[in-house]
Amino acid sequence: MIRFEQVSVTYDGAARPALHGVDLTVAEGELALLIGPSGVGKSTLLNAVSGLVPHFSGGTLRGRVTVAGRDTRTHKPRELADAVGTVGQDPLAHFVTDTVEDELAYGMESLGLPPDTMRRRVEETLDLLGLAELRDRPIATLSGGQRQRVAIGSVLTTHPQVLVLDEPTSALDPAAAEEVLAVLQRLVHDLGTTVLMAEHRLERVVQYADQVILLPAPGAPPVVGAPAEIMPVSPVQPPVVALGGLAGWTAPVPLSVRDARRRAGALRERLAPLAPPVPHDPPDGTPAGRAERLSVRHGRVEALREVTLSVRPGETVALMGRNGAGKSTLLAALVGMREPAAGTLRVGAERLVPHRTRPAELLRHVGLVPQEPRDLLYADTVAAECAAADEDAGAAPGTCRELVRGLLPEVADGTHPRDLSEGQRLALALSVILTARPPLLLLDEPTRGLDYAAKARLTRGLRGLAADGHAIVLATHDVELAADLAHRVVILADGEVVADGPTAEVVMSSPAFAPQVAKILAPLPWLTVPQVREALERTR
């Protein structure tokens, strides 16, 4: 169904090809998972399938890509639209209408399908993706995860032969991600749809893949094989595979929690007399941010209802909950972008009211890295972004660039932010905000688009900031990040706080928010691979 024959892609002005020597086949009715570190060319490979490369991206394509028998060099994306459905990393760039139902119908209208067929498929897709309650909602009012589901639904309604997905679960809560993956499984198994998907959240998807396509390094040819063959040698691995390596499990390596639990008996016995490290509680002090009975409205929708929350200097709090629960709204209120309908909100030792404080002043007390990092980036180069950040924050020249170097050691000064991957743009935006070193740091889905190595660098950086006294609030669906980094987890549901407590206590009691290691080793209280590694090293 998809065939690459010695394909190379080189963008204008680039020192090396984004792809080189790609030779692979994805059969009809197969789910192929594309993996690799950030910036190795995964999005370029996906765009070559849909025809966006080279027709819209520019650059030079060598070799041949065929999809359903059509050569993408001679067929433009609109001529492939009936065969290929594509969802990119940025859902906002995908939408052309204003409401959910209109967006689901748009692709079918473009293909000239009969009205009764369109109506039936819209209803089926609303049910498949749990969007029925949102059918009349303006897309602008949806959360990031809700937008992601609408973007996926808008291509499903056209019933494409090939579905190309770039980070499809990155903005989804665990339950919504499972629903989307179940839909993809149904399309593959029941309808013979071919799915090519790039995803960094391997713990969610690897067990569903028929084959894995690993891009190990920029410009390197892909390594293709069965998931159990590729995962042990991959530079990016889900926790279940990393845990198997620590435990010395022989091939085939388990890829799912169920299979790992069957192999983990001896490991549980070794860990039973041991205890995981207890995180140090941050010192008591004036809260860096505090909400008291906070309520926020979006028009007629009450997004937050009487939320009470405080975060102390040195404390990291993970906000979790399903898409639309109010996590992003709470962060927006803390940074002054939303005015409370009721209750009080204060940040900093001066107890500033965010929405009544000048942005230039507020920047020195609280900073937000949003879900869409492009909202913070406006210069033509990484160096210019960093220079502007240094000036805005009153920091010494080079401060921002040094932060970027820690997160993105491979990115050159002259790189345009639009040429960065989604994860790289996020790291640049984080560096811009950190330049002012705000005592309260807010991050909305900070690991979206990050591979495991980049996430580890981010975790180390945030842990160091917390040790220096910064208060950190993360709105995240990444249960592995919360387990590894957060002192506390706060779960929101329908705008209300339904759980607030120490991380281990909250996530261990919730199947939806428990990390893979916790599920594999339950009822033992272990949460992460680094915890297990440290304990095993102590016993040697």
I'm trying to understand the selection: among the residues of the range 1-21, which are surrounded by 15 or more Cβ atoms within 10 Å (Cβ to Cβ), within 21 Å of Gly69 (Cα to Cα) and not charged (D, E, K, R)?
Met1, Ile2, Phe4, Val7, Ser8, Val9, Gly21
Looking only at the range 166-184, count how many residues are at negative phi and assigned to a loop (DSSP other than H, G, I, E, B).
6
Going through the range 275-316 in order, the residues found to be touching a residue at least 60 places away in the same chain (Cβ under 8 Å), surrounded by fewer than 17 Cβ atoms within 10 Å (Cβ to Cβ) and small (Gly, Ala, Ser) are Ala275, Gly299
Would you pick out the residues in the range 143-159 that are outside any helix (DSSP H, G or I) and open to solvent by less than 10 Å² (accessible area, probe 1.4 Å)?
Thr157
Filter the range 367-395 down to residues that are open to solvent by 40 Å² or more (accessible area, probe 1.4 Å) and either basic (Lys, Arg) or over 29 Å from Asp90 (Cα atoms) (or both) and give me whichever is modelled with the lowest pLDDT.
Arg374
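Being part of a strand (DSSP E or B) and either more than 20 Å from Leu255 (Cβ to Cβ) or of a type outside the set (A, V, I, L, M) (or both) is the filter here; which residues of the range 185-206 pass it?
Answer for the range 185-206, where residues must be part of a strand (DSSP E or B) and either more than 20 Å from Leu255 (Cβ to Cβ) or of a type outside the set (A, V, I, L, M) (or both): just Thr194.
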Can you find, within the range 61-79, the residue that is nearest to Leu19 (Cα to Cα) among those that are among the hydroxyl-bearing types (Ser, Thr, Tyr) and not in a strand (DSSP E or B)?
Thr72
Please pick out the residue among Arg364, Arg405 that is open to solvent by 20 Å² or more (accessible area, probe 1.4 Å), more than 24 Å from Val347 (Cβ to Cβ) and not β-branched (Val, Ile, Thr).
Arg405
Could you name every one of the helices (runs of 4 or more DSSP H) located completely within the range 471-539 that has at least 2 residues being of a type in the set (Asp, Glu) and open to solvent by 50 Å² or more (accessible area, probe 1.4 Å)?
529-538
Kindly evaluate Ala412 against the criterion of being open to solvent by less than 40 Å² (accessible area, probe 1.4 Å) and of a type in the set (A, V, I, L, M).
no
Determine, yes or no, whether Asp127 is more than 30 Å from Glu5 (Cα to Cα), of a type outside the set (A, V, I, L, M) and not in a helix (DSSP H, G or I).
no
With the requirement that a residue be closer than 25 Å to Pro174 by Cα and open to solvent by less than 20 Å² (accessible area, probe 1.4 Å), what does the range 103-133 give you?
Glu103, Leu104, Val122, Thr125, Leu126, Leu129, Leu131
Residue pairs meeting the criteria (Cβ under 9 Å; at least 6 apart or on separate chains; first under 24 Å from Glu361 (Cβ atoms), in the range 385-411; second open to solvent by 30 Å² or more (accessible area, probe 1.4 Å) and among the acidic types (Asp, Glu))
Cys386/Glu402; Cys386/Asp413; Pro397/Glu391
Among (1) under 26 Å from Gln371 (Cβ atoms); (2) touching a residue at least 60 places away in the same chain (Cβ under 8 Å); (3) of a type outside the set (Val, Ile, Thr); (4) open to solvent by 30 Å² or more (accessible area, probe 1.4 Å) - the single one Ser57 does not satisfy:
(2)
Qualifying positions in the range 39-60 - under 18 Å from Leu420 (Cβ atoms), of a type in the set (Ser, Thr, Tyr) and not in a loop (DSSP other than H, G, I, E, B):
Ser43, Thr44
Test Arg356 against the stated conditions and say whether it is open to solvent by 40 Å² or more (accessible area, probe 1.4 Å) and either of a type in the set (A, V, I, L, M, F, W, C) or within 30 Å of Arg293 (Cα to Cα) (or both).
yes
Out of the residues in the range 231-273 that are closer than 17 Å to Thr539 by Cβ and of a type in the set (A, V, I, L, M, F, W, C), state the one that is surrounded by the most Cβ atoms within 10 Å (Cβ to Cβ).
Leu243
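Can you pull out every residue in the range 83-102 that is over 24 Å from Glu199 (Cα atoms) and either open to solvent by 30 Å² or more (accessible area, probe 1.4 Å) or among the acidic types (Asp, Glu) (or both)?
Those that are over 24 Å from Glu199 (Cα atoms) and either open to solvent by 30 Å² or more (accessible area, probe 1.4 Å) or among the acidic types (Asp, Glu) (or both): Val96, Thr97, Asp98, Thr99, Glu101, Asp102.
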Any residue at all in the range 367-377 that's over 12 Å from Pro438 (Cβ atoms) and in contact with a Ser or Thr (Cβ under 9 Å, 6 or more places away or on another chain)?
yes
Scan (1) among the charged types (D, E, K, R); (2) more than 22 Å from Gly144 (Cβ to Cβ); (3) crowded, with 21+ Cβ neighbours inside 10 Å for the single condition Arg351 breaks and write down its number.
(3)
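The values are calculated or read from the model by the stated rules, or taken from the named source; none is laboratory data. Since this is a predicted model, take the numbers as computed values, not measurements. Note that each Cβ is placed from the backbone with ideal geometry, even for glycine, and that neighbours are counted across all protein chains shown. With ligands, DNA and RNA removed, areas are computed over all heavy atoms of the protein, side chains included. Shrake-Rupley method; radii C 1.70, N 1.55, O 1.52, S 1.80 Å.
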